1. Would you mind computing, in nm to one decimal, how far apart the modelled labels at Gln509 and Ala40 are, each placed 7 Å from Cα along Cα→Cβ?
2. Would you check the accessible area of Cys520, probe 1.4 Å, heavy atoms only, in square angstrom rounded to 10?
3. How much of the DSSP beta bridge set in the chain is antiparallel, as a percent to the nearest 5?
4. Under a Cβ-Cβ cut-off of 14 Å, what is the net charge of the residues other than Ala348 that fall near it, where Lys and Arg count +1 and Asp and Glu count -1?
5. Give the relative contact order (percent, whole number) for the chain; include only Cα pairs under 8 Å separated by 6+ residues.
6. Can you check what the net charge comes to around Arg615, using other residues whose Cβ is under 9 Å from the Cβ of Arg615 (Lys, Arg +1; Asp, Glu -1)?
7. Put Trp725, Trp737, Trp219 in order of accessible area, largest first, 1.4 Å probe: what do you get?
8. Looking at region 91-220, send over the antiparallel percent of its DSSP beta bridges, to the nearest 5.
Amino acid sequence: MALIHNLGFPRIGAKRELKFAQEAFWKGDASADQLLATAADIRSGNWQLQQALDLVPVGDFSLYDQVLDMSFTLGNLPKRVAGLAGSELDNYFRLARGRSANDSACNCIHAGEMTKWFDTNYHYIVPEVTAETAFSLNPERLLSQFAEARQQGVHAKPVIIGPVTYLWLCKEKDNSNRLDLLDKLLPLYSALLEQLADAGAEWVQIDEPALVTDLDASWKHAFEVAYHTLKANRPRLLLATYFGTLQDNLQLACNLPVAGLHIDAVRGREEVGKVVDWLPAHKVLSVGAIDGRNIWKTDLNTTLDWLEPVAAKLGERLWVAPSCSLLHVPVDLESELALDREIVNWLAFAKQKLIELQVLGTALNLGRAAVAAELTANRVAIKLRKESARVHNPAVKNAVSTLAPELGQRKSHYTARALKQRSQLNLPLYPTTTIGSFPQTADIRKARLGFRKQEITAAEYDACMKAEIESSVREQEALGLDVLVHGEAERNDMVEYFGEQLDGYAFSQFGWVQSYGSRCVKPPILFGDISRPKAMTVDWIKYAQSLTDKPMKGMLTGPVTILNWSFVRDDQPRRDTCLQLALAIRNEVLDLEAAGVNIIQIDEAALREGLPLRRSEWQGYLDWAVESFRITANGVKDETQIHTHMCYSEFNDIIEAIAHMDADVITIETSRSDMELLDVFEEFAYPNEIGPGVYDIHSPNIPSQEQIVKLMAKAAERIPAERLWVNPDCGLKTRQWPEVLPALNNMVAAAKTLRETAIS
C-alpha cells in the first residue's frame, strides 16, 4: 500500500489570520499570548485539513520564517541580539525585523539579512556565523508543536531543516569557512532527534534542498559525514529534496544512510526511474508527484500512467506527496466565488492538492475504478484547458516568433546617452529619489474597497487617488527630493495592478501567499497569451507630472518580475511567456515617453529569483530574461533615462548580465547587507549609474543621516560619485508616513552632506 503525506502547509491561515495577529502584536494592540493563541488555532486547522494523510507535517508552521526558527532551535543568534532584555519572542522579532513589540526607535537593532529561498519568492532570514559560533540546542518550539499535534490525534511527522542545508544557507561574518562548523552542529541534531524519538516521533522529515544545487567535493563530503553521524539516532529519517533535479548528486542522495528519500518528480520526472533502480531495497522512496509551486490541476491520469509501474515495483516502499511544501500556493480554492468558473476548473490550491493526493493514493492502492468519477472529471478539465480559445492568441504568438533583434538595442551607447540626459535633467551630484511606492494608507484601502464593492463611483475613486498622488508629490517637494514619483496610490500590487489590465490574466480574491513575515502577496494567474488592450499608467503619471516642475518617474513592473511573481503557465516555455509580456510593457514605455515622461523605471526585482539552481542552466535563463528587459526598455530616445530596480537577492554573481541590461540607472538593495553587495564592483567595472539602497524599508527603524553618509561613502569607494544615486532599498508601501518622512529627510540631508564633501 502506497502511503500519502505532505511536506508542509501554508501557515498564514485561510483569511491571513497570522498576518493580522503579527501586526497587532508589533503595534502593541495584542499580547504575546494572543499572538500565540492565533498561531495554535492556525496549526490545529491545518492539521485537521490533513487528517486523511498517513503522515502530517509538524514544525512547518512559523511565526515569521522557518530558517529563523532553525537558528533559534540551534541557538545561533548574533551577539547584537543574544544579550538583549526581553523574551525569546522579542529577540526573534528583533532579528526578523529590527524591533519587537515594545522596542522604541532608540533601542532597535540591525535586522538579519533577508534573501530569497532558493528560486522562490519566499524570503528567509540569513543565519550569521563566524569561526567562533557556538550552538546550543533549544528544542522547545518543535517539541511543543509535536506534543500539541499528538494530543489532537494527528499522526505527526516533525519537519526540520537539515544540517548541511542550514550551513549552506549561512553567511560567514568573518573569513571563516562555515563548513568547519559541521562538527559543532551535528551533536545538536543528534540530541534533537533523540528528544523527538522520546516524544514519540517515528519519522522525521529532514529537508536538504541544497542537494539540488551545484556542490563541490567538500559539500558532498559534508553530507556523508552528517548522515553517517545521524544514522545512529532512533527516528527514521526521510531526507527531502525539492525545487529541482539531483543530477550529479543523485547517487550521493540514494546512498546516504537514511530510511527514505523524497525527490521532486514535477521538476525531475526524468530521474524517477534512476532513483527507483539505485535506491537500496530497504529504503522508502517519496515521490513529489503534485506541483507544490503552482496552482494548476495535476493531470492525474497521466501521473498514474508513470506512477503505477513505480508502485508495482516498490509496493509499500512508495510514498506520494507534493513536490515541495505547499507554502508556495494559496490555501483554498473554494473561497474563490468571483473567479471565472471556467478558469476555476483548471486550478488547485493547497486544500485541493491534498484531495488530488488522496485520489492518487486511492487509485494506487485500490485501483482506478475506486476513483473513476474523480479521474473522469480531471481528464475533462485538463482537456478543456488545453483546447480553450481563451488560452491561445495566434496574433500574440506570431509577434513573438517574428521579433526583430533591433528591438532590444538603444540608439546610442550609455556614455552618449548620459551626456544628453544630464543636460536635459540637470540633476545635482548624488541625486535623491525613491523606488516608487508610498504608504498605502487606510484612506487608500477604504477607497479601493469601496470602489470594488461599487459603493463609490469611478469618478469618486479617481478623485481620491488624485488627492493621494498630490499629497505624496507635495511631501516629496517639501523634503527636497530631486526625482519624484507619483506614489502608486492606485496600485494594489506591483504585479497584480498590471495583470488586471492585460489580456491573458485572471485574479483570485483570496489567493494569498506568504512572501516574508506578515507580507503576503496575491500572485495573478497567467493562463493565456498576453496582450495590452490600452495604456495602463499614463494618465496617472501625466497627472502627477502636471503638479510639479521637478522630474517625475514613470513606474512600471518589468516582464521578468511579472512572470516570476505570477502563477505562470505550465503549457509553454517561460521564455515565450516572458517575451509576450515584454512586448506588452514595451508599448507602455513608448506611450509614457510620448506623454512627455523622460525618466521611466522598469522594476526587475525578481530577475535573480528566476535563475535556475544549477549554474550550467544560468546562461540560457539570463539570455532570454535580459532580452525581455531590453525589448521592453530600449525603444526610447537617448534623452529618456531608463531605471531598473532589484532587491533582496544575491546579485554579485550575475552582475555582468545586469550590466548587459543596459539600464541607465539601477537601484539595488544594500542596506541590510551593509553595502556588501557592492563588493563585486571592486573587480567588475559597472559601466552605468547605480543607486545603492540606504534605507531598509522592511524594518520600522529609521536610518540616521550619519548612517546613510557612511553607507554612501562605502559605495563611493567603488563607484565614481558622479554615477551614484541616493535612495531607499525598495518601495515604501508597507511603511507608515511617520517612519517614512524622517527617514527620507535624513536621506536628503545625507545627500547634501555628500555633495558638500565632494566639492570640498
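The values are calculated or read from the model by the stated rules, or taken from the named source; none is laboratory data. Please read all numbers here as calculations on a predicted model, not as lab measurements. All Cβ positions, even for glycine, are placed from backbone atoms using ideal geometry, and neighbour counts span all protein chains on display. Ligands, DNA and RNA are stripped out before the accessible areas are found, and what is left, the full protein with its side chains, is counted by its heavy atoms. Shrake-Rupley method; radii C 1.70, N 1.55, O 1.52, S 1.80 Å.
1. According to this spin-label approximation, the distance is 3.2 nm.
2. Here the residue's solvent-accessible area equals roughly 10 Å².
3. Of all bridge pairs located within the chain, approximately 15 percent are antiparallel.
4. After counting each charged neighbour, the total is -3.
5. In percent, rounded to a whole number, it is 13.
6. -2
7. The most accessible residue leads, giving Trp737, Trp219, Trp725.
8. In region 91-220, DSSP labels about 40 percent of beta bridges as antiparallel.
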